[in-house]
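Encoded as structure tokens, the structure appears first; notes follow it.
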DNA sequence: CCACGGTACTGAAGCGCTTCAGAGATGGCT
DNA sequence: AGCCATCTCTGAAGCGCTTCAGTACCGTGG
């Protein structure tokens, strides 16, 4: 009696009570077409009366061999993750896509820029994993492979056997670079995202670039430099500041350094909108007006960019999230990974850039 | 043969290969003290060689009756959720607290301000649910009860049998209100968060307040009005604009309306920092300088507030998330819900408020 | 030499569900 | 009347794991 009190009802409880087999009760929930509506109704009613909330999700998953959830592995903790609006938007689109089925998002935040630990991945109840911009030696990636989970990679790194969504970072950066050169700027500065996951910040040396582990950063950098090269500006002449995260404060810091140099740059290329907005603040604090004295370009086109009237490279974040979601669903149904999907970018010119004086 | 190829190895596979019982292999993973180190090593080695990644999480959960994850139910989709930095920070602290065990976060985003659907909750692999600021008739709450899951409520609503974390919203708003009245302001305007989950925005009528379903909103409102009442300002004389989300654009819209009224308010009390930052923008666009011509106060003290030099009410978001996490862990271990935990608030005076002219 | 307490390992009973081959019953069609 | 198709429902075999009572063995102290 006390045992019955403690224990939650199961399929069997309901089956016995109604006087049918357990299979029939299961069908009542999962295959309504397999039994008469009357019986089904009786079963549901009895279940309700017994306080049975439906088949236990875990047991059901064990039997069906699918959990109905999608794990998203992030590089960093949630806070730094979501302070980047680009991620919020992407993740939202991803969740909307994936949720429309019957699935939920399992969030596996990372630590120290290296992604989630292998342990969390090994233990995760999930059918498929999505890696969002992880460093290429993230332990989570090994764990995914070990478990034999289908994998979708967003942005980076390159993983064989994984579906990929990426953005035309090089093309976008190229457009940004050409935009400022076409405005006549010849003294440039670059505020870069992280080269490696070590949290370092400061001026970037060629060695550091050579050792870089984030494709996105490198592609954007190449794009910028390529545009500049078209006007004979050599890479060595372009000061680069590395910011270990897409956060305003870090952009501000970088801009302070760049704008304090001689010759002073007349345009700053920033690898994210948040960095760019920080840079604008720094410029203003130095008494420089944007865009009259210094032009600033961002990357991503987050809502804050339009709010801040920032010229930037728009990437379709919603499409990115949606694609990642769709790929995940497809992988989950056993599809083989196809060619990487590439999201287009285009330049959005706003009020933070103007012709060089 | 082809069957062996397809099928992933299980505990049995490893057990047979090593020539021990399944129980022993299980012990090798879960209770290393139950077998000799030598054997354990041999088992692990064989497992590795076989490509066995460790006990299947779902099966293990079925046997142990715990999933190792914590479901967080949000009011809205991820994008609007995370555009509110306050939530990001809270969630980060929550995840850090909860993750330190071996658990992960299952995110159940809502739709249309009503929280996640009952279906997602019923199907979620989770041991405990955390409701983050849901309307009191959210279907998810019923689902949680039906399943008999332990519940932690953050902010609202009041649910019997649930552990609660709340913020001293009334006290915080009171401080904000007293701050502006003590500066001599007598013409006030309020930009409110949602009263109901219907997405309505615009001036707020007394009837709408009477029908409101969000405690947080009401408490903050009461706090403001109480402070004003101390100086004889009656509620009817205070225009209120309702913004259905904590988003700058909505704050801007509200401020445009409030600042266009006669008599024009000399101070605006905003229920979130994002709203307040939008209000500052609106004031500037109307050619009014902040704080010289209009004082503006926020709520939350997000990083953007300090970036924007905004006077605001600080709530300890990290503590909030941590508390929620700890309560969840405690509930999970069978603890009975205790008295609600209340997070303190205090006023942070910055540059967006000044004495009335 | 025996009882005793460890240590190292095993057998079997679950955990709660899905699913598939089939058993009856029913009705339509020829 | 006979046959087949259809509709309902059931029995039983899993899904992969944990756990607990218990067996076998070994060294120890009396």
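FYI, it's all coordinate maths here, none of it is from the lab. Small disclaimer: the values here were computed from a predicted structure and weren't measured. Glycine gets a Cβ as well: all are built from the backbone with ideal geometry, and neighbour counts include every protein chain shown.
For residue A:186, place a label point 7 Å out from Cα along the Cα→Cβ vector, do the same in each other copy, and report the separations in nm, one decimal, smallest first.
In nanometres, ordered from closest: 6.4.
Using a label point 7 Å beyond Cα on the Cα-Cβ vector, give me the inter-copy distances for residue A:236 in nanometres, one decimal, shortest first.
Distances between equivalent label points, in nm: 7.9.
Is it possible to state the helix-based mean residue ellipticity at 222 nm for chain A, with each DSSP H run of 4+ residues giving -39500 (n - 2.57), the sum divided by total residues, to the nearest 500 deg cm²/dmol? What is it?
-13000 deg cm²/dmol
Would you mind estimating how fast the range A:159-211 diffuses translationally, via Stokes-Einstein at 37 °C and 0.692 mPa s with the Kirkwood radius over Cα pairs, in µm²/s?
It diffuses with D of about 233 µm²/s by this estimate.
Take the alpha-carbon centre of the range B:238-263, take the same for the range A:201-267, and report the distance between them in whole Å.
The range B:238-263 and the range A:201-267 have Cα centres spaced 41 Å from each other.
Scaled to the compact-protein estimate 2.2 N^0.38 Å, what is the alpha-carbon radius of gyration of chain A, rounded to two decimal places?
Scaled against compact globular proteins, the figure is 1.26.
Can you give the angle from 0 to 90° between the axis of helix A:215-229 and the longest principal axis of chain A, with both taken from C-alpha atoms, to the nearest 10?
Compared with the principal axis, the helix lies near 30 degrees.
Using the Kirkwood radius over C-alpha pairs as Rh, can you work out the diffusion coefficient of the range A:185-325 via Stokes-Einstein at 20 °C, viscosity 1.002 mPa s, in µm² per second?
After rounding, the answer is 142 µm²/s.
Along the three principal axes, how long is the range A:120-206 when you take its alpha carbons, biggest first, rounded to the nearest angstrom?
54, 26, 19
Provide B:306, B:88 in ascending order of the number of other Cβ atoms located within 10 Å of each residue's Cβ, fewest first.
Placing the least packed residue first, the sequence is B:306, B:88.
To test your reading of the geometry: what angle, between 0 and 90 degrees and rounded to tens, separates the Cα axis of helix B:248-259 from the longest principal axis of chain B?
20
Please find, in a Gaussian network model of chain A (springs between Cα atoms separated by less than 10 Å), the residue of A:338, A:56, A:155 whose mean-square fluctuation is greatest.
The residue with the greatest mean-square fluctuation here is A:56.
Which one, A:93, A:212, A:163, has the greatest fluctuation when you compute a Gaussian network model over chain A with C-alpha springs under 10 angstrom?
A:212
Just need the relative contact order of the range A:140-235 here, percent rounded to a whole number, with Cα pairs under 8 Å and 6+ apart.
Over the range A:140-235, the number comes to 33 percent.
Relative contact order of the range B:190-278: what whole-number percent is it, with Cα pairs under 8 angstrom and at least 6 residues apart?
Computed over the range B:190-278, the figure is 40 percent.
Measuring from a point 7 Å out along Cα→Cβ, what nm distances, shortest first, does residue B:64 have to its partners in the other copies?
From this label point to the equivalent ones elsewhere in the assembly: 2.4 nm.
Return the percentage of antiparallel bridges among DSSP beta bridges fully within chain A, rounded to the nearest 5 %.
15
Once all Cα-Cα distances of the range A:3-43 are split into 10 Å bins that start at 0, what whole-number percent is in each one?
31, 51, 16, 3
Could you give the spread of the C-alpha atoms of the protein assembly as shown along their three principal axes, from largest to smallest, in whole angstroms?
Taking max minus min along each principal axis of the Cα atoms, the protein assembly as shown gives 78, 70, 48 Å.
Order by neighbour count: A:339, B:320, B:48, fewest other Cβ atoms within 10 Å first, most last.
With the fewest neighbours first, A:339, B:320, B:48 line up as A:339, B:48, B:320.
Provide Rg and Dmax in Å for the range B:1-90, with only Cα atoms included in the calculation.
Taking only Cα atoms of the range B:1-90, I get Rg and Dmax of 19.7, 56 Å.
Just to confirm the number: angle between the C-alpha axis of helix B:37-50 and the first principal axis of chain B, 0 to 90 degrees, nearest 10?
With rounding to tens, the tilt is 80 degrees.
Express the Stokes-Einstein translational diffusion coefficient of the range A:253-341 in µm² s⁻¹, to the nearest whole number, given a Kirkwood radius over alpha-carbon pairs, 10 °C and a viscosity of 1.306 mPa s.
Answer from the Stokes-Einstein relation: 106 µm²/s.
Among DSSP beta bridges whose residues both lie in the protein assembly as shown, state the antiparallel percentage, nearest 5.
Within the protein assembly as shown, antiparallel bridges account for around 20 percent of the total.
Only Cα pairs within less than 10 Å get springs; with that Gaussian network setup on chain A, which residue of A:116, A:157, A:203 has the largest fluctuation?
Its mean-square fluctuation being the largest, the pick is A:203.
Give me B:299, B:214 sorted ascending by neighbouring Cβ count inside 10 Å, so fewest comes first.
B:214, B:299
Taking Cα pairs under 8 Å and at least six residues apart, what relative contact order does chain B come out at, in percent?
17
Using the alpha-carbon centroid of each, what span in Å lies between the range B:341-357 and the range B:37-67?
If you average the Cα positions of each part, the centres end up 54 Å apart.
With 17 Å as the cut-off, how large is the P(r) tail for the range A:49-155, expressed as percent of Cα-Cα pairs?
Here the tail beyond 17 Å accounts for 54 percent of pairs.
To the nearest whole number, what is the average tally of beta carbon atoms from other chains within 10 Å of the beta carbons of peptide B:223-236?
Per residue, the average neighbour count from other chains is 0.
Quick one, can you get me the convex hull of the C-alpha atoms of the range A:172-268 expressed as volume per residue in Å³?
Hull volume over Cα atoms, normalised by residue count, gives 90 Å³.
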